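Worksheet for the structure shown next.
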Amino acid sequence: MAEVNPFESLQEQLSDAAAYVDVEPGMLDRLQSPERVLETTLSVEMDDGSIETFEAYRSQFNGDRGPYKGGIRYHPQVSRAEVKALSGWMVYKCAAVNIPYGGGKGGIKLDPRQYSDAEIERITRAFATELRPLIGVDKDIPAPDVNTGQREMNWIKDTYETLEDTTEPGVVTGKAPESGGSAGRVEATGRSVMLVVREAFEYFDRDITDATVAVQGYGNAGSVAANLISDLGADVVAVSDSSGAIHDPDGLDTQAVKEFKRETGSVTGYDGATEELSNQELLTMDVDVLVPAALENAIDADLATDVRADIIAEAANGPLTPDADEVLADRNVHVIPDILANAGGVTVSYFEWVQNRQRFSWTEQRVNEELERLITAAFDDLTETYEARDVPNFRTAMYVVAMNRVLSAADEAGVFP
Ligand code: NAD
């Protein structure tokens, strides 16, 4: 597969949407470029006493609608271009679901499986120390992303609070409940994927209980989406992770597969499946819904010609290249874009931040109800714009909604100085 620069993908998506929005060229440049990017080299002592260095980044893309918000990723593919793209997607994701945040993203280039827990803690605290002047409850609020979770967020919070000599749980979200985390946060991304799939079936007047679903990537986002979509009555017939894919035409027991992966580290080898497939085979299966929930650029234009799903719900960020988008739009495959489909994570992060600021916890039921309210409202905004404007696909419709919100805030703020 040809290398696709994710930052260029973001810029292309924004240019596509800008054709349907009243925006000056200078303002479009502003909306397409990060405000600032921290690039740092962390020096960390390993368990054997040696020193290792790590490339790390934090991009603050746009703060017109509120504090920068976005996750921190640990992965060997992390790069400046990837972090910039992911931070830009956060701006438009927060605007799509209408929560008062701008966008940011961070990452450390490393394979966390190569390091002990103590080393990961020192690496995380070293990064948090570099981030401290930039982040803050009203400035920039990190969260988990690929290969980071509650544990890393708790360490970032503790490092920040220790250095600042304060208690400020709202400086990061995605924390464990006892450290100020919210009920429902772990499931939130998969829950919004389920909600948009449910809404799409209603919109197209189709019955979800007849649907078959394939999920690429069985981590936090993918496995929760699979469980909740299966709870709606659909058959999740195939799931995968980096080890490969498993298939059962009668539907997999999504919870049992999750348990199997927790015990063994992968979905392959699960004995309730009828066969094992490659990830490529999973992505081109004849299913009603495909949920890419791994990493960027999973489907390029070539592969898109072979995709047989009717609806794609993007749990991952940027899983389709812009060329793939065009092919799929021509082939009438409806793509529910990442900036809506996986926005549950940042939406419940927002609820966590609100609760931290109020020092008052909501019940899981309240969290899920508020999440459903915001995601279904955003889906309605998307379909309204899709019908009212001559846009080529759902993604452009959602970007038009989001871009107009960011533009209004930028216009109202003016330019300083
Ligand atoms: P995760 O680390 O929990 O899971 C990722 C999964 O993808 C793992 O099972 C891994 O084995 C699998 N994978 C990796 N490469 C693969 C490949 N080539 N083919 C098939 N599977 C592969 O990460 P996550 O938190 O679930 O994030 C997944 C995606 O969802 C990312 O794009 C992330 O940015 C996005 N996302 C996550 C959240 C969240 O709250 N977790 C929120 C918004 C977006």
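You will find that of Ala309, Ala301, Ala273, the residue that is surrounded by 17 or more Cβ atoms within 10 Å (Cβ to Cβ), in contact (Cβ under 8 Å) with a residue 60 or more places away in the chain, touching a helix residue (DSSP H, G or I) at 6+ places or on another chain (Cβ under 9 Å) and of a type in the set (A, V, I, L, M, F, W, C) is Ala309 and no other. The residues on offer are Arg80, Arg65, and the sole one that is open to solvent by 40 Å² or more (accessible area, probe 1.4 Å), modelled with pLDDT of 95 or more and farther than 16 Å from Lys109 by Cβ is Arg65. Within the range 132-149, the set of residues being among the acidic types (Asp, Glu) and either under 20 Å from the mean Cα position of the chain (by Cα) or within 14 Å of the ligand (Cβ to nearest atom) (or both) comprises Asp140, Asp145.
Going by the conditions given, is Pro322 more than 12 Å from the ligand (Cβ to nearest atom), of a type outside the set (A, V, I, L, M, F, W, C) and out of contact with any strand residue (DSSP E or B) (no Cβ under 9 Å at 6 or more places or on another chain)?
Taking the combined requirement at face value, the residue satisfies it.
Considering the range 117-139 alone, what residues qualify as being farther than 30 Å from Gln32 by Cα and open to solvent by 40 Å² or more (accessible area, probe 1.4 Å)? Those that are farther than 30 Å from Gln32 by Cα and open to solvent by 40 Å² or more (accessible area, probe 1.4 Å): Asp117, Ala118, Glu121, Arg122, Arg125.
For the range 150-184, the candidate set comprises residues that are in a loop (DSSP other than H, G, I, E, B) and away from the ligand (no atom under 16 Å from the Cβ); within that set, the residue that is most open to solvent (accessible area, probe 1.4 Å) is Asp165. Of the residues making up the range 245-256, not a single one is open to solvent by 50 Å² or more (accessible area, probe 1.4 Å), touching a Lys or Arg at 6+ places or on another chain (Cβ under 6 Å), farther than 30 Å from Ala81 by Cβ and not hydroxyl-bearing (Ser, Thr, Tyr).
For Ser223, the stated conditions do not hold, so it cannot be described as under 21 Å from the mean Cα position of the chain (by Cα), within 13 Å of the ligand (Cβ to nearest atom) and farther than 23 Å from Leu195 by Cα. Being within 27 Å of Ala128 (Cα to Cα), out of contact with any strand residue (DSSP E or B) (no Cβ under 8 Å at 6 or more places or on another chain) and either of a type outside the set (Phe, Trp, Tyr) or open to solvent by 70 Å² or more (accessible area, probe 1.4 Å) (or both) is not true of Asp16. Among the residues of the range 141-171, just one is modelled with pLDDT under 95 and acidic (Asp, Glu), namely Asp145.
When the range 129-185 is filtered for residues that are in contact with a strand residue (DSSP E or B) (Cβ under 8 Å, 6 or more places away or on another chain), closer than 16 Å to Arg357 by Cα and among the acidic types (Asp, Glu), the ones remaining, listed by number, are Asp140, Glu168.
Within the range 188-220, which residues are away from the ligand (no atom under 16 Å from the Cβ) and open to solvent by less than 20 Å² (accessible area, probe 1.4 Å)? Residues satisfying the conditions are Ala200, Phe201, Ala211.
All conditions in (1) within 25 Å of Ser15 (Cα to Cα); (2) assigned by TED's automatic domain parsing to the domain that holds Val289 hold for Asp310, with the sole exception of (1). Scanning the range 226-264 for residues that are of a type in the set (D, E, K, R) and within 12 Å of the ligand (Cβ to nearest atom) gives Asp241, Lys258, Lys261, Arg262.
The values are calculated or read from the model by the stated rules, or taken from the named source; none is laboratory data. All values derive from a computational prediction rather than experimental measurement. A quick note on method: Cβ atoms are made from the backbone with ideal geometry, for glycine too, and the neighbour counts reach across all protein chains shown. What goes into the accessible areas is simple: the full protein's heavy atoms, side chains included, and nothing from ligands, DNA or RNA. Shrake-Rupley method; radii C 1.70, N 1.55, O 1.52, S 1.80 Å.
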